Amino acid sequence: MSLSPFATVSELARALRQKQISSVELTKMYLARLKSIGEVHRAVAEITEERALKEAKAADESRRRSGPKTPLHGIPYGAKDLLAAKDIPTRWGSPGHADQVFGFDAAVIAKLKNAGAVLAAKLSMIELAGGGNYNVANASANGACLCAFDTTRWAGGSSSGSGAAAKLGLCGFTIGSETSGSITCPSAFNGATGFRPTYGRVSRHGAMALCWTLDKIGPIARSAECCAAVLQAICGKDPNDPSSLDASLDLNRTKKPLTIGLLNEDFKSNQAAACQKAYQNALRVFSKLGHKTVQVAYPKLPYGTAVEIIVNAEGASAHEHFIRGPRFHSLADNHQIAGLAAALETKAVDYLWALRLRTEALKANAIWEKCDCIFTPVFYHGAPPIDVPFDKSFANMGGDDGPSNLLGWPAIAFPIGFEGGLPLGGQIIAPALREDVCFSLAKQFQRETDFHLKLPPIQS
Amino acid sequence: MAKFTRRQIAKLAGLTAIGAAAPRAFPNTLQAEDPVEKLQSQLAKPFDEQTKPLALEALKAIERLSVERKKTKLPENSEPCTVYVPTEPRR
């Protein structure tokens with residue numbers, strides 16, 4: 001047995017199919033990495049060894065009997081610790097939920113089990129997905145999760161462990177979640193490829209709610225192809241989640257060439273020369289692939305203000321019992337305590353304004369008359385230092401402040417270059433339910449470039 | 001049971017009306033309450049000393065959002081983006 005822990009989902013599936021390795025052997029390899037590298041990077045919330053070995057054994061037996069049932073059959077993965085896994089601690093990254101255990105699997109975990117995937121670990125995250133406006137990297141029961149490329153830097157959040165573990169080769173793929181940036185951010189900082197599906201594409205049953213009207217669950221892995229395989233296994237209507245969509249997913253419907261929308265970027269005032277270079281290089285790759293670009297702009301509306309108000313109101317409501325309870329003050333970050341408590345004071349009229357603004361923001365869909373997707377950097381710089389508060393370290397980070405999260409548009413984040421050894425992420429944003437466009441373009445880009453293949457310094 | 005004449009009722013109503021219109025002094029409620037004290041009174045435990053100034057900042061941020069959002073006028077009577085789908089009860 002000799003298989004790289006950095007293999008893609010399709011390479012792992014091929015190795016299993018060709019009996020180069022068994023699921024049990026693969027699982028043991030990843031469990032060892034989770035225990036060593038995972039602990040160093042604080043990417044792990046809970047190793048699910050007993051369940052993993054049981055599921056891996058069952059996968060091997062089932063494969064022997066009737067072959068692989070899906071491309072994920074027998075592949076170990078890690079899930080953000082906001083997803084319930086039966087009888088395994090699910091702490092939501094919060095010191096105040098240290099003894100929380102659910103007696104059922106979240107819909108995503110159940111679907112992956114059904115697909116034959118093996119749950120190897122629950123992965124670290126920012127406490128309560130950062131709903132209280134966290135300001136430090138160690139706002140987590142697990143401490144600051146360290147960037148895959150530099151242990152003095154932050155892995156991003158709130159799906160911190162999912163981003164780091166995917167890139168560090170701690171499992172075959174990971175699952176993260178996003179309310180506003182929590183998949184794209186750790187994907188960019190760790191040089192991983194992460195996918196945020198259309199709102200409602202993936203059931204959130206059994207996932208901690210931060211924002212009922214914004215939360216999405218999606219994969220983080222080592223390539224766009226990996227993410228596509230995982231999305232196909234976890235999407236679909238779920239009667240337990242009324243917001244889940246009954247919409248078909250056809251990832252092969254994209255027609256070439258594409259028209260890529262470009263936003264007005266501000267590299268200069270953000271002192272982002274390295275990002276500008278990586279961005280322009282990506283545009284050259286798109287052009288070589290035969291795609292056109294066009295300058296576009298969102299209607300000028302306060303999307304960010306609406307998202308903040310919604311996160312405050314829904315987050316405070318979802319966690320009200322905890323906020324008013326005796327364990328609230330055990331949260332790791334004082335900003336979280338202050339922010340979540342203050343969010344109780346959000347006015348109903350402000351919240352309803354935000355939901356009415358969302359109706360108005362639907363006008364931004366007009367942008368899709370001019371282009372098939374939008375390409376923009378996730379951030380203008382690489383991962384920030386772990387010991388500098390975000391109100392300082394994010395000063396020149398930039399980042400898309402458009403309507404994509406408010407309107408539930410899908411996006412894929414992937415590495416497009418490096419700045420001083422740190423990965424820089426780009427993202428392709430597509431119209432609602434057009435995940436195929438994200439995957440088509442990202443896959444083409446990754447066939448032409450090798451940024452996603454660059455390995456982190458710690459490999460074993 | 002006490003009985004009131006129409007004259008007595010009219011007199012009482014007049015007094016109530018005067019009472020409702022007259023300024024009344026309630027010194028305790030007129031004093032501005034410390035917003036952090038008010039907030040932490042809703043919690044199981046008070047904030048520690050480090051968190052108190054952060055709580056004040058967070059309250060100001062909530063207020064800033066409220067002020068900020070008022071700068072964007074939405075169409076009169078526009079609907080919020082929420083959908084309630086009535087369903088028939090299962091038997």
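The values are calculated or read from the model by the stated rules, or taken from the named source; none is laboratory data. Note that this is a predicted model, so its numbers are computed, not measured. All Cβ positions, glycine included, derive from the backbone under ideal geometry; neighbour counts span all protein chains shown. Heads up: the accessible areas ignore ligands, DNA and RNA and are worked out on the full protein's heavy atoms, side chains in. Shrake-Rupley method; radii C 1.70, N 1.55, O 1.52, S 1.80 Å.
Within the range B:50-66, track down each residue that is open to solvent by 80 Å² or more (accessible area, probe 1.4 Å) and more than 8 Å from chain A (Cβ to nearest Cβ). Before you say what the answer is, go through the steps one by one.
Restricting attention to the range B:50-66, the residues satisfying the condition of being open to solvent by 80 Å² or more (accessible area, probe 1.4 Å) are B:50, B:57, B:60, B:63-64.
Result: B:60, B:63, B:64.
The C-beta contact set for the range A:404-417 (first residue basic (Lys, Arg), second residue assigned to a strand (DSSP E or B) and open to solvent by less than 10 Å² (accessible area, probe 1.4 Å), distance under 6 angstrom, 6+ apart or interchain) is empty.
Among A:12, A:72, A:3, which is over 21 Å from residue A:217 (Cβ atoms) and surrounded by 18 or more Cβ atoms within 10 Å (Cβ to Cβ)? Show your work before the answer.
Values: A:72 fails: over 21 Å from residue A:217 (Cβ atoms); A:3 fails: surrounded by 18 or more Cβ atoms within 10 Å (Cβ to Cβ).
That would be A:12, the only listed residue that is over 21 Å from residue A:217 (Cβ atoms) and surrounded by 18 or more Cβ atoms within 10 Å (Cβ to Cβ).
Sort through A:220, A:234, A:260 and tell me the only one that's buried (at least 20 other Cβ atoms within 10 Å of the Cβ), farther than 24 Å from residue A:380 by Cβ and aliphatic (A, V, I, L, M). Don't jump to the end; show me each part of the working.
Values: A:220 fails: farther than 24 Å from residue A:380 by Cβ; A:260 fails: farther than 24 Å from residue A:380 by Cβ.
Exactly one of A:220, A:234, A:260 is buried (at least 20 other Cβ atoms within 10 Å of the Cβ), farther than 24 Å from residue A:380 by Cβ and aliphatic (A, V, I, L, M), namely A:234.
The set of residues from the range A:75-108 being over 17 Å from the mean Cα position of the chain (by Cα), open to solvent by less than 10 Å² (accessible area, probe 1.4 Å) and more than 30 Å from residue A:11 (Cα to Cα) comprises A:90, A:94, A:96.
Could you please find all residues in the range A:301-324 being more than 8 Å from every other protein chain (Cβ to nearest Cβ) and under 20 Å from residue B:66 (Cβ atoms)? Don't jump to the end; show me each part of the working.
Initially, the range A:301-324 is screened for residues more than 8 Å from every other protein chain (Cβ to nearest Cβ), giving A:303-304, A:307, A:310-311, A:313-322.
Once the filter is applied, which keeps residues that are more than 8 Å from every other protein chain (Cβ to nearest Cβ) and under 20 Å from residue B:66 (Cβ atoms), the range A:301-324 yields A:303, A:304, A:307, A:310, A:311, A:313, A:314, A:315, A:316, A:317, A:320.
Looking across the range A:318-364 at every residue that is β-branched (Val, Ile, Thr) and under 27 Å from the mean Cα position of the chain (by Cα), the one that is nearest to residue B:78 (Cα to Cα) is identified as A:359.
Take the range A:354-365 and flag every residue that is under 18 Å from residue A:317 (Cβ atoms) and either more than 7 Å from chain B (Cβ to nearest Cβ) or crowded, with 23+ Cβ neighbours inside 10 Å (or both). Across the range A:354-365, the qualifying residues are A:354, A:358.
Only one of these is open to solvent by less than 10 Å² (accessible area, probe 1.4 Å) and part of a loop (DSSP other than H, G, I, E, B): A:424, A:406. Name it. Quick ask: steps written out before the conclusion?
Values: A:424 fails: part of a loop (DSSP other than H, G, I, E, B).
On inspection, the qualifying residue turns out to be A:406.
Assess whether residue A:45 counts as being open to solvent by less than 10 Å² (accessible area, probe 1.4 Å), at negative phi and either over 24 Å from the mean Cα position of the chain (by Cα) or in contact (Cβ under 8 Å) with a residue 24 or more places away in the chain (or both). Against the criterion (open to solvent by less than 10 Å² (accessible area, probe 1.4 Å), at negative phi and either over 24 Å from the mean Cα position of the chain (by Cα) or in contact (Cβ under 8 Å) with a residue 24 or more places away in the chain (or both)), residue A:45 does not qualify. Would you pick out the residues in the range A:298-325 that are outside any helix (DSSP H, G or I), touching a residue at least 60 places away in the same chain (Cβ under 8 Å) and open to solvent by 20 Å² or more (accessible area, probe 1.4 Å)? Scanning the range A:298-325 gives A:298, A:299, A:301.
Being open to solvent by less than 50 Å² (accessible area, probe 1.4 Å), among the hydroxyl-bearing types (Ser, Thr, Tyr) and facing chain B (nearest Cβ under 10 Å) is a property that residue A:346 has. Between A:415, A:385, A:403, A:423, the distinction of being of a type outside the set (A, V, I, L, M, F, W, C) and within 25 Å of residue A:290 (Cβ to Cβ) belongs to A:415 only. Considering only residues of the range A:1-22 that are among the hydroxyl-bearing types (Ser, Thr, Tyr) and over 21 Å from residue A:227 (Cβ atoms), which is modelled with the lowest pLDDT? The residue in question is A:2.
Which is in a loop (DSSP other than H, G, I, E, B), at pLDDT 95 or above, in contact with a Leu (Cβ under 7 Å, 6 or more places away or on another chain) and within 23 Å of residue A:221 (Cβ to Cβ), of A:116, A:161, A:157?
Details: A:161 fails: in a loop (DSSP other than H, G, I, E, B); A:157 fails: in contact with a Leu (Cβ under 7 Å, 6 or more places away or on another chain).
Every option except A:116 fails the conditions.
Exactly one residue out of A:418, A:439 is open to solvent by less than 10 Å² (accessible area, probe 1.4 Å) and more than 12 Å from residue A:378 (Cα to Cα), and it is A:439.
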